[in-house]
There are 2 protein chains.
Amino acid sequence: MPGEFDLIEKYFKRPARHARLGVGDDCALIAPEAGVELAVSTDMLVEGTHFLAGTDAYRLGHKTLAVNLSDLAAMGATPRYAMLALALPGGDEAWLAAFASGFFALAEAHAVELVGGDTTKGPLNVCVTIVGEVPAGRAIRRSGAQVDDDIWVSGTLGDAALGLAHLQQRAALRADEAAHAVSRLEAPTPRVALGVALRGIATAMIDLSDGLAGDLRHLAEASGVGARVEAAVLPVGAPLARMPLAQRLGFAIGGGDDYELCFSAPSAATEQVLETGARCGVAVTKIGRMVGRRGATAALVVVDADGNPCATTVCGYDHFKALA
Amino acid sequence: MPGEFDLIEKYFKRPARHARLGVGDDCALIAPEAGVELAVSTDMLVEGTHFLAGTDAYRLGHKTLAVNLSDLAAMGATPRYAMLALALPGGDEAWLAAFASGFFALAEAHAVELVGGDTTKGPLNVCVTIVGEVPAGRAIRRSGAQVDDDIWVSGTLGDAALGLAHLQQRAALRADEAAHAVSRLEAPTPRVALGVALRGIATAMIDLSDGLAGDLRHLAEASGVGARVEAAVLPVGAPLARMPLAQRLGFAIGGGDDYELCFSAPSAATEQVLETGARCGVAVTKIGRMVGRRGATAALVVVDADGNPCATTVCGYDHFKALA
């Protein structure tokens, strides 16, 4: 098989556009615009932990970048640069070509430049670091939610977890529904435009990578408020809508990999949020409200149509605890 | 064992100092100084490829950061921020505590802030992305070497490869020499101060991670020149100095993991280079000269004391080709 440097040259070296210097030196060089802050995030995806062995390489290339774009979206940052580190067990060039195609198709859709990285031998592991720009002081943090703010999510919840259940033969789905759910799992759409458009509107934001129950709790804790979510209004697709509530909640609030945005906004901004979603082509749904929180009160409560807490032990996805 | 978020909280969350926002949100936020460019590099270290199973966790934490600092040094950039992604097979907290200690000891020595990352389950894999600053336009690239420039290296060459040979029982060493060589392999010293001090002096620079033969060839090719290296003057430690030339060259130019700097500078700068090395506490040795290169001439020639090319097939380290 070709060596490390041949692989980098062949599949990952593209001319630098905005970067001062791209792939091919000890470091990439980037020159930030005046008045911006850089948002930086790293995600590592491991075979058997984050994706099943045998996952389509094109989709994996897409997802690798998508999960990082989603982190930028959650700060309201515009994507600019990516670094890609890749450990590969062997030298399957067809796999690598497909992976690179999936990665670059999404990168080009968002004008992201791959400016550096590392290619090495090892158990399949993909680590991307992404750099975005946001006007100074305007990033949307997790910590800005206020009591009485509404809680919103984009898109639908639980599709990816349902897709995983289908692949693991834990759920029986119609063929078209299965294809949709698996596509949501393997090729998620990061809500980049929506995240940027919510600057100045959302008071706090997070992306849903580990499930609403865990991620919204992180947001509420960072903001020092409580989150009260109405189970009946959680946006779900048709297969989940047909399920009994407890089972539906397992997917919709306990399932990871949605890569939707969850954010808070004042009630007065309702029309503005709806218009912003419409302009970005993403449904946005109000799912609850931030409440005051005292002492040992739970940071997240999910209530049924009568306002009673749902019996749910769903705690959000944890890569050390949850995956078999 | 504790979950992902507990581990991050316990071992990796430190208060942000220069960063606008550190560990704990979807992204870190950094605000570059005016007039600087950011140098960014990523290195992935995989058990069995870059380090032996059972490597001391403290040293691995050190090395993980050291190899990235070395990339910044090779650009003349000042280290600022790091992101750490870590896949761990299990939940050995003592291991993680030692790893974090080694990482942070070196980070603090260079005022590097850990601003984000990812912790997940998987075969042991450590991926660091590092961000440094360099005054705009003053980074030292690989591509600036000129014909007749001298070629220099810092420190000594081949110690790390000798340390690996010792651990793999391919070399017999005195106990003190073995400890030194293994320490050079497992806990390399990145030449950060020297790299920064060489701005305006070195015309091109690279760090020696894959062996002089490969790395200097990359530099020469990027600069469009040839490199002529004198075997007899390569700086080596006592155990290598006792070896026959061919064997010594195998370690000194073919061995990876030295993390010394190799750079070119005009002959007129000789005194300045020597003074700079002395000021930074690092020996610097002139090992050859850049020459003109036509057509298919080799980018790197190593010559003996009589000026004849050494018979060497050493080609530099390649993670896909070289490691058993």
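Contact map, region A:141-156: residues that are within 14 Å of chain B (Cβ to nearest Cβ) and under 17 Å from A:ALA213 (Cβ atoms) paired with residues that are crowded, with 20+ Cβ neighbours inside 10 Å and β-branched (Val, Ile, Thr), Cβ distance under 6 Å, separation 6+ or inter-chain. Pairs shown: A:ARG142/A:ILE206; A:ALA145/A:THR203; A:ALA145/A:VAL225.
The helices (runs of 4 or more DSSP H) located wholly in region B:229-324 include none with 3 or more residues which are modelled with pLDDT under 90 and either surrounded by 14 or more Cβ atoms within 10 Å (Cβ to Cβ) or at positive phi (or both).
Restricting to region A:180-216, give me the number of residues that are over 17 Å from A:HIS62 (Cβ atoms), of a type outside the set (D, E, K, R) and not in a helix (DSSP H, G or I). The qualifying residues number 10. So is A:THR78 in contact with a Ser or Thr (Cβ under 6 Å, 6 or more places away or on another chain) and either of a type in the set (D, E, K, R) or in contact (Cβ under 8 Å) with a residue 12 or more places away in the chain (or both) or not? No: the conditions fail for A:THR78.
Can you tell me which residue in region B:39-82 is nearest to the chain's Cα centre (by Cα), limited to those that are part of a loop (DSSP other than H, G, I, E, B) and more than 8 Å from chain A (Cβ to nearest Cβ)? In this case the residue turns out to be B:GLY76. When region B:83-99 is filtered for residues that are surrounded by 22 or more Cβ atoms within 10 Å (Cβ to Cβ) and more than 12 Å from every other protein chain (Cβ to nearest Cβ), only B:PHE99 remains. What number of residues within region B:157-179 are touching an Asp or Glu at 6+ places or on another chain (Cβ under 8 Å) and either surrounded by fewer than 20 Cβ atoms within 10 Å (Cβ to Cβ) or assigned to a strand (DSSP E or B) (or both)? So the answer is 0.
Going residue by residue through region B:20-30, is there one that turns out to be in a loop (DSSP other than H, G, I, E, B), among the acidic types (Asp, Glu) and within 20 Å of A:LEU45 (Cβ to Cβ)? Yes, region B:20-30 contains a residue that is in a loop (DSSP other than H, G, I, E, B), among the acidic types (Asp, Glu) and within 20 Å of A:LEU45 (Cβ to Cβ).
For region B:87-103, does any single residue satisfy the condition of being touching a Cys at 6+ places or on another chain (Cβ under 9 Å), in the same structural domain as B:ALA77 (by TED's automatic domain parsing) and not basic (Lys, Arg)? So far as region B:87-103 goes, yes, one or more of its residues are touching a Cys at 6+ places or on another chain (Cβ under 9 Å), in the same structural domain as B:ALA77 (by TED's automatic domain parsing) and not basic (Lys, Arg).
For the residues A:LEU72, A:LEU65, the requirement of being under 30 Å from B:ILE206 (Cβ atoms) and modelled with pLDDT of 85 or more singles out A:LEU65. The sole residue among B:ALA100, B:ALA31, B:ALA53, B:ALA94 that is farther than 30 Å from A:ARG217 by Cα and at pLDDT below 95 is B:ALA53. Here region B:13-37 is the region considered, the condition is being among the hydrophobic types (A, V, I, L, M, F, W, C) and surrounded by fewer than 20 Cβ atoms within 10 Å (Cβ to Cβ), and the residue that is farthest from the other protein chains (Cβ to nearest Cβ) is B:ALA16. Residues that are more than 11 Å from every other protein chain (Cβ to nearest Cβ), surrounded by fewer than 21 Cβ atoms within 10 Å (Cβ to Cβ) and out of contact with any helix residue (DSSP H, G or I) (no Cβ under 7 Å at 6 or more places or on another chain) within region A:106-127 comprise A:GLU108, A:ALA109, A:ALA111, listed in sequence order.
The values are calculated or read from the model by the stated rules, or taken from the named source; none is laboratory data. Every value quoted in this text rests on a predicted model; they were computed, and no experiment measured them. Counting neighbours? That spans all protein chains shown, and the Cβs are built from the backbone with ideal geometry, glycine included.
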